[in-house]
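Structure record follows, encoded as structure tokens.
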């Protein structure tokens, strides 16, 4: 089993090294759900270093196969047609599917149909220079 580092020191806690499953569990446990008369809301972070993006992948396009050393990511699929690769697993995702990508894990997004979007919540230090491209159809690797 692949072991990766996930540092709580980035959020003012102690550093620990865990398996990808333990990292996923830790990130999912941080998600707070508040029930209200009209429904509910999910809070993904509170007063900690996070970066939130909506990533749009044009029809038939793909991001580079990449890793990061400084952040973990939570992806939430917003549209049909998104294909997700985490490690060696490639999944045709459905709207609402969620994926945790621990730092050091190779991952990629692509669109197998129409333009599609995901919501990305990055936990830790966000820096575009932290991208290590393993494969890239746009010759950036």
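Some notes on this structure:
- Euclidean distance of C-alpha centroids, segment 20-35 and segment 98-130, integer Å: 17
- Report note on the peptides 37-46, 66-75: ranked by the mean count of other C-beta atoms within 10 Å, highest first, their order is 66-75, 37-46.
- Take every Cα pair under 8 Å whose residues are at least 6 apart in sequence, average their separation, divide by the length of segment 4-135, and the relative contact order is 31 percent.
- The GNM of the chain, with springs linking C-alpha atoms under 10 angstrom apart, assigns the highest mean-square fluctuation among 53, 125, 106 to 53.
- All-pairs alpha carbon distance profile, segment 74-141, 10 Å steps from 0, percent: 19, 50, 31, 0
- Label-zone membership for segment 44-73, site residue 112, 7 angstrom Cα→C-beta point, backbone N under 13 Å: 60
- Computed FRET value (nearest 0.05) for residue 36 with residue 91, which takes r as the C-beta separation and R₀ as 35 Å: 0.65
- Of 103, 117, 28, the one that fluctuates the most in a GNM where the chain has Cα springs shorter than 10 Å: 28
- Most fluctuating residue given options 57, 90, 100, as computed from a GNM of the chain linking Cα atoms under 10 Å: 90
- Calculated [222 nm] ellipticity per residue, helices only, for the chain: -2500 deg cm²/dmol; basis is -39500 (n - 2.57) per DSSP H run with n ≥ 4, divided by all residues, nearest 500.
- Using distinct alpha-carbon pairs, which all enter the 1/r mean, Kirkwood radius of segment 4-135 in Å: 15.4
- Calculated FRET efficiency for the pair residue 22/residue 58, C-beta based, R₀ 25 Å, to 0.05: 0.10
Values in this text are rule-based calculations from the coordinates and carry no lab data. These numbers were taken from a predicted model, which means no experiment stands behind them. Glycine gets a Cβ as well: all are built from the backbone with ideal geometry, and neighbour counts include every protein chain shown.
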